[in-house]
Amino acid sequence: MFPNVNYNTENLTNPDPMNLKEALALVDKIVFEQTGQHLNDLQEAVLRGTVEHQAYKQIAQDFDCSESNARKAGAELWQILSEELGESVNKSNFGSAMKRLHNSNTLKFTKVKEVTVSDSFNICPEGRHPPDTPPNSPSPNQQTANTTQPPTQDLSEMPKLGAFYSRTTELDTLKTWILEQRRPLITLTGIGGIGKTRLAVQLVRQIKNEFEYVIWCSLETSPTLAELEDKLKQFFSQSQQQNLPPIKYFQKHRCLVVLDDIQNLFLSGEFAGKYKPKDREYRSLFKHIQNLSHQSCFLLIGWEQPEDFPQVTSPNTRSRTLQLTGLDIPAAKQILTDCGLAEIDAGETLIQHYEGNPLWLKSVAAQIQELGGNLTELLPNNTILLPENLKNILQQQFDRLSETEQQILSLLATKNQPINLAKLLETAQIPPSDAVNALQSLCRRSFIKKEKNLYTLPVVLKQQVELFRANCH
């Protein structure tokens, strides 16, 4: 049972002892829900210092520990809070994050407990209800759902991720497709590290109570369709007496099924989205979901979409595809700040070189931090850093390419300026039809950029292509 805390965010920047006590109680509850442990003394000292605007150096002196230990304790706290609030939380924005929480009106704890926010934080075990609604009245979600019982959810395979950076537009787009337009099949694609799974986790957290059944399934081990159906049957049978085929549940109930890592269903060495022989039955499932009359939604997440999914859709098409691109400059700068590079002079250049890709930025930021924050100033102009872990990540995706795609990439890597299709076909030693198919596949994999009918290769991928070619010779 949560304590009855009335926590006013307006006074975070000028706390009185009571508010500080309440802040510690609230954060302690979040930490306990996430880790099973209460705040330790150092974490409490970091929070006290944060609310009182103390630097880590002062916090460490007051606590009689090293500054690095204080920073480490702080980093752990901000990671936990970022995951719970669904945004990047750090020492400098702790107060403003709480105010944004106030504006968004809800902070959900793990499991079924929630924090409800009106003019203050009211930690309420009964759940969320509007200000003038009695605690036992149904919420708006419950009033519109097709069930009188709480939703059945299995999110055990959904990753627990940290900070969520921006993506407001993408979130709104997905919500519109799923909740308003009721699209039955949605694909979320993009190159590795771009933030697909992180976006999907944030989306599921926000919309899961709009459904009667919600399940997140990882396809990392490439389960057969029969194995997936068995998992869904077991899930649905938890709350139903009948042992019905999953498709009957999709028709009878409002269900959300998330399939992560769908690229594991597809062949390597072929154009994007070509099914492995053992997984071709998934094609029939997805067509069935798209064409059948039902009230459920499948969300597919992966590096590439199935080959027969249209990238460009008409208003009448029941499926939709959202291909993620990099973060905008402010969100990407927050990543650099969280990685300790807030003051780096080449920040915007770094973001542009690494396409605003969160994973790429974190990888190179970690290398810069380890070798000294002025590393970029000591290197020749436009040097592209490729830490080993980033090279390994990129290589996994390069290994999936067909030979024709590799040839197109090698050609683009030699070009310093964007190139149009006519010039590309003229230069490539490949039959035009094959070259066009390879170009389409590379676009679907987010390997190349297309702007005004001009194609170019991101500089990070160009560097990786050059390494790949060097290793082949």
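How much accessible area does TRP303 have with a 1.4 Å probe, in Å² rounded to the nearest 10?
Estimated to the nearest 10 Å², TRP303 gives 50 Å².
Any chance you could run the full-extension gain for GLN311 through GLN251? It's 0.36 nm times the residue separation minus the Cα-Cα distance, nm to one decimal.
Here the answer is 19.0 nm.
Show LEU371, LEU155, LEU457 ordered by accessible area, largest first, where the area counts protein heavy atoms only and the probe is 1.4 Å.
The most accessible residue leads, giving LEU371, LEU155, LEU457.
Would you count, across the range 377-473, every pair of lysines whose alpha carbons are under 14 angstrom apart, provided the pair is eight or more residues apart or spans two chains?
So the count of such lysine pairs works out to 5.
Compare the peptides 317-325, 353-361, 405-413 by average per-residue count of other Cβ atoms within 10 angstrom and give them in order, highest first.
Going from most to least packed, we get 353-361, 405-413, 317-325.
Stretch ALA25-THR325 to full length: gain in nm at 0.36 nm per residue minus the Cα-Cα span?
Result: 104.1 nm gained on full extension.
Would you mind counting up the charge near ILE191? Only other residues with Cβ under 13 Å from its Cβ, with Lys and Arg at +1 and Asp and Glu at -1.
That sum, taken over residues with Cβ under 13 Å, equals +3.
Could you derive backbone 3J(HN,Hα) for the range 366-372 from the dihedral phi with the Karplus parameters 6.51, -1.76 and 1.60 (θ = phi - 60°), listing whole Hz in sequence and x where the residue is Gly or Pro?
Along the range 366-372, the couplings run 4, 5, 4, 4, 5, 9, x Hz.
Work out how much length THR349 to GLU180 would gain on full extension: take 0.36 nm times their residue separation and subtract the Cα-Cα distance, in nm to one decimal.
Full-extension gain reported as 56.9 nm.
Report ³J(HN,Hα) in whole Hz for each residue of the range 414-426, in order, from the Karplus equation J = 6.51 cos²θ - 1.76 cosθ + 1.60 where θ = phi - 60°; Gly and Pro get x.
My calculation for the range 414-426 gives 8, 9, 8, 10, x, 10, 8, 5, 4, 5, 5, 5, 5 Hz in order.
Cα gyration tensor of the range 339-424, axes a ≥ b ≥ c as square roots of the eigenvalues: rounded (a/c below 1.5), prolate (a/b > b/c) or oblate?
Prolate, since a/c reaches 1.5 and a/b exceeds b/c.
Give me the one-decimal nm value for the distance between modelled label points at GLN34 and ASP172, 7 Å along each residue's Cα-to-Cβ direction.
Going from the GLN34 label point to the ASP172 one covers 2.8 nm.
Beyond a 27 Å Cα-Cα separation, which of these cross-linked pairs lie in this structure: LYS175/LYS276; LYS196/LYS274; LYS208/LYS233; LYS231/LYS278?
LYS175/LYS276, as the Cα separations exceed 27 Å there.
Say R0 is 60 Å: what FRET efficiency, to the nearest 0.05, do THR427 and ASP41 get from their beta-carbon distance?
E between THR427 and ASP41, to the nearest 0.05, is 0.35.
Could you pull out every residue, at least 5 positions away or on a different chain, whose amide H is within less than 5 Å of the one on LEU185? Hs are placed 1.01 Å off N in the peptide plane, and Pro or chain starts have none.
Counting only residues 5 or more places away or on other chains, the set is PHE298, ARG320.
Please work out the FRET efficiency for the pair GLN369 and VAL459, using the Cβ-Cβ distance as r and a Förster radius of 35 Å; give the result to the nearest 0.05.
After rounding to 0.05, the efficiency reads 0.95.
The values are calculated or read from the model by the stated rules, or taken from the named source; none is laboratory data. Only a predicted model underlies this, so the values are computations on that prediction, with no experimental measurement involved. Using ideal geometry, Cβ is built from the backbone for each residue, glycine included, and neighbour counts are taken over all protein chains shown. With ligands, DNA and RNA removed, areas are computed over all heavy atoms of the protein, side chains included. Shrake-Rupley method; radii C 1.70, N 1.55, O 1.52, S 1.80 Å.
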